[in-house]
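Reading through the structure tokens given below for one structure.
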Amino acid sequence: MGEFKKHLEIATEKLSALKDAFDKKQFTIVGDLATKVCEQLVEADAAREGKHFGTHLNRHSYSNTKFPKEVNEAMRKIWFAYGDLGYDGVNGKRAKAVIDKLNIILDYFGERFGEKIAENI
């Protein structure tokens, strides 16, 4: 269970930095960190089964088999927005859409883990 807590702590730390970046209108950072928050939440879930993934492909495959369609769609939107925000970082609307999707993910994992990860952004 130690690895679970480690991944959850990393996700929470990155989430805090994401909120700060959004408030400062640093939208390219929002895309980067939202992707990392999702990765850490997936890794936290896998750690509960003694698993760890070294590749994005393995992480995505696990997600597709373990989580509901709505959560997987929200994660895909974040992963695709990562590139968009990297090239068009001034797009506050796109960053807000990422945060909206991230709230769906945070609510899901909070319920799945039986503990609130964070207040909605």
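Computed from the coordinates by the stated procedures, all read-outs in this text should not be read as laboratory data. Just so it is clear, the structure is predicted and the values come from calculations on it, not from any experiment. Ideal geometry is used to build each Cβ from the backbone, glycine not excepted, and the neighbour counts take in all protein chains shown.
FRET efficiency for Glu111 and Phe80, Cβ-Cβ distance as r, R0 = 30 Å, nearest 0.05?
With R0 = 30 Å, the Cβ-Cβ based efficiency is 0.75.
Give, in nm to one decimal, the length gained when the segment between Glu73 and Asn58 is fully stretched (0.36 nm per residue of separation minus the Cα-Cα distance).
On the way: separation 15, 0.36 × 15 = 5.40 nm, distance 1.67 nm.
Extra length available between Glu73 and Asn58 comes to 3.7 nm.
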### Query
Once the Cα atoms of helix 56-66 and of the chain are each reduced to a long axis, what angle between those two axes, in degrees from 0 to 90 to the nearest 10, is obtained?
70 degrees
### Message
Rounding to the nearest 10 and keeping the result within 0 to 90°, find how far the Cα-based axis of helix 92-113 lies from the longest principal axis of the chain.
### Response
20 degrees
### Charge sum, other residues only, whose C-beta stays under 14 Å from Lys5's C-beta, Lys/Arg counted +1 and Asp/Glu -1
-4
### Query
When the Kirkwood radius is taken over all Cα pairs of the chain, what Stokes-Einstein diffusion coefficient follows at 25 °C and 0.890 mPa s, in µm²/s?
173 µm²/s
### Task
Compute the long axis of helix 2-23 from its Cα atoms, compare it with the longest principal axis of the Cα atoms of the chain, and write down the angle in degrees, 0 to 90, nearest 10.
10 degrees
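Find out how many positive minus negative residues lie around Ala21, taking Lys and Arg as positive, Asp and Glu as negative, among other residues whose Cβ is under 15 Å from that of Ala21.
Details: positive: Lys14, Lys19, Lys24, Lys25, Lys36, Arg94, Lys96; negative: Glu13, Asp20, Asp23, Asp32.
Once all neighbours under 15 Å are counted, the net charge is +3.
Pulled fully out, how much extra length does the chain show between Glu3 and Ala97, if you take 0.36 nm times their separation in residues and subtract their Cα-Cα distance? Mind dumping the intermediate values first?
Details: separation 94, 0.36 × 94 = 33.84 nm, distance 3.02 nm.
Residue separation times 0.36 nm, minus the Cα-Cα distance, leaves 30.8 nm.
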### Query
Between Glu13 and Glu49, what is the label-to-label distance in nm when each label sits 7 Å out along the Cα-to-Cβ direction?
2.6 nm
### Message
Using the crude model of +1 on Lys and Arg Cβ and -1 on Asp and Glu Cβ, and no other charge, please compute the dipole size for the stretch 1-62 relative to its Cα centre, in debye to 20.
### Response
80 debye
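Expressed as a rounded percentage, what relative contact order does the chain have, with Cα pairs under 8 Å and six or more residues apart? Spell out each step's value before the answer.
Values: 135 pairs, mean separation 36.3, N = 121.
Rounded, it is 30 percent for the chain.
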